[in-house]
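Taking it in order: structure first as C-alpha cells, then the write-up.
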Amino acid sequence: MSTAPSSRITPPAADLAAHFMECGALNTNLTLAPGDRMVITDDLLNGRVADLAAISMAAIVARDSQVAKAAVLPLGMVASKVAAKDREKYERLFALIEETAFDESVRESAESLIAARFRESQIKEIAAELGGTVGPARQRYRAFLDVVKLLTAKKISESLFLDEFLDFTRTVAGKLDFGIYALCVDRLFIAARIPVLVKVALLREVCKYPPLVRKELLTNLLASDRVAPELIRYAHQEVAGIMDRDQLTEIMLFTTLKRAWAAQRRTPLAKAS
C-alpha cells in the first residue's frame, strides 16, 4: 500500500466549460475552478484557459465584460487560421455568441468578426480596444498598491486612504478585470496592518456597489477564514440592516457554497493502493 501525496483537488480541463456554465447559472463571475480565483483577461489571452469549449462558454456567460471580450480573441484567431471549408462551424459558434452572450460588447465583437470573415486585422483591432481599456486601469491599480503600502507604514491618514480607494474604484470601474479588483479588496480585508475601522469603512462602501459586485465581494469576505471575527460580525450586522430577505438569503447561500468549495480544495486525495 502507498499513500498519494496531498494536493488541491481541481477539475480536469474538460470540465472547465461545465464549470463556467455553472458559474453562469449561479449568476457569478467565472473562476478557474470551484473556489479558485476569478478568471482575468490574461488567462484567456496567455493560454492558461486553452480549451475551446471553455473559452466559448466564457464569451457567452462571463459577467465580467473585459473577460468576455478577451475570450472572443483566441476563438477568432483559431477561426482565422482554419481552411475556408472548415470555417462554417466557427461562423455558427460566433452567431451563437452574438445571439446569447451576456455582455453587449461581446455580441458586437462577435458580429464584427463574422462580418470581417475573421480577418486578423479585425481581431487586432478588438485586442487594441481591450488593451486600451484594461492597460490604463491596471496602471491605476499598481499606483493604488503604493497607497496601501503608505497606509500600512502609517505615512498617510486613514481618511486620505479612503479617498484614494474611492478614486481608484471610480477610475477602474468597468475597465479592470473584476478578478484583479476583487483580489485587491479581499487583501485589504485580511491585511493585519490595516486598522479595523478602515476595513469597516471599506465594507460600507462595498455595500453600496451594484448587486452582482456586492455579492461577490461580501461573500468572499464572509467565507474567508482569514478575516478577523470582529469584521465578520460587523459585516453580518451591516448586511442585515440594508438588505431584504431575498438578498440576505442569496448572500447566505452563496457564502455557504464558497465555504464548501474552499473545504473541497483542502480535502486530501483519497489513498491509492
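Rule-based calculations on the coordinates, nothing more; no lab input. Source: prediction; values computed, not measured. Here the Cβ positions follow ideal geometry from the backbone for every residue, glycine too, while neighbour counts run over all protein chains shown.
So here's what we get for this one:
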quantity	calculated
Mean Kyte hydropathy of 0.0 or more with a Cα span along the axis of at least 24 Å, helices from DSSP in the chain	65-81
Gain in span if fully extended, A25 to E104, counting 0.36 nm per residue against the direct Cα distance	26.6 nm
Global size of the chain as Cα Rg and Dmax, reported in angstrom	20.7, 64
Reach of K199 by Cα under 30 Å, taken over lysines that are not fewer than 8 positions away in the same chain	K149, K154, K155, K175, K208, K215, K258
Relative contact order computed over the range 16-194 (Cα-Cα under 8 Å; 6+ residues apart), in percent	20 percent
When the convex hull of its Cα atoms is projected in every direction, mean area for the range 70-147 (nm²)	5.7 nm²
Percentage relative contact order, the range 144-255, counting C-alpha pairs under 8 Å, at least six apart	22 percent
Kirkwood Rh, angstrom, the range 195-259 [1 / mean 1/r, Cα pairs]	11.8 Å
Gyration tensor (alpha-carbon) shape descriptor, the range 104-147, a/c threshold 1.5	prolate
Mean Cβ count within 10 Å, highest first, over the residues of peptides 158-164, 240-246, 36-42	36-42, 158-164, 240-246
Added length on full extension, which subtracts the Cα-Cα distance from 0.36 nm per residue, A84 to R187	32.2 nm
Assigned charges on the beta-carbon of Lys, Arg, Asp, Glu; the range 61-105 dipole about Cα centre (debye)	260 debye
Whole-number D in µm² s⁻¹ for the range 138-224, Kirkwood Cα-pair radius fed into Stokes-Einstein, 20 °C, 1.002 mPa s	163 µm²/s
Spherically averaged projected area of the range 8-117 from its Cα convex hull (nm²)	6.6 nm²
Charge dipole (debye, nearest 20) of the chain; +1 at Cβ of Lys and Arg, -1 at Cβ of Asp and Glu	900 debye
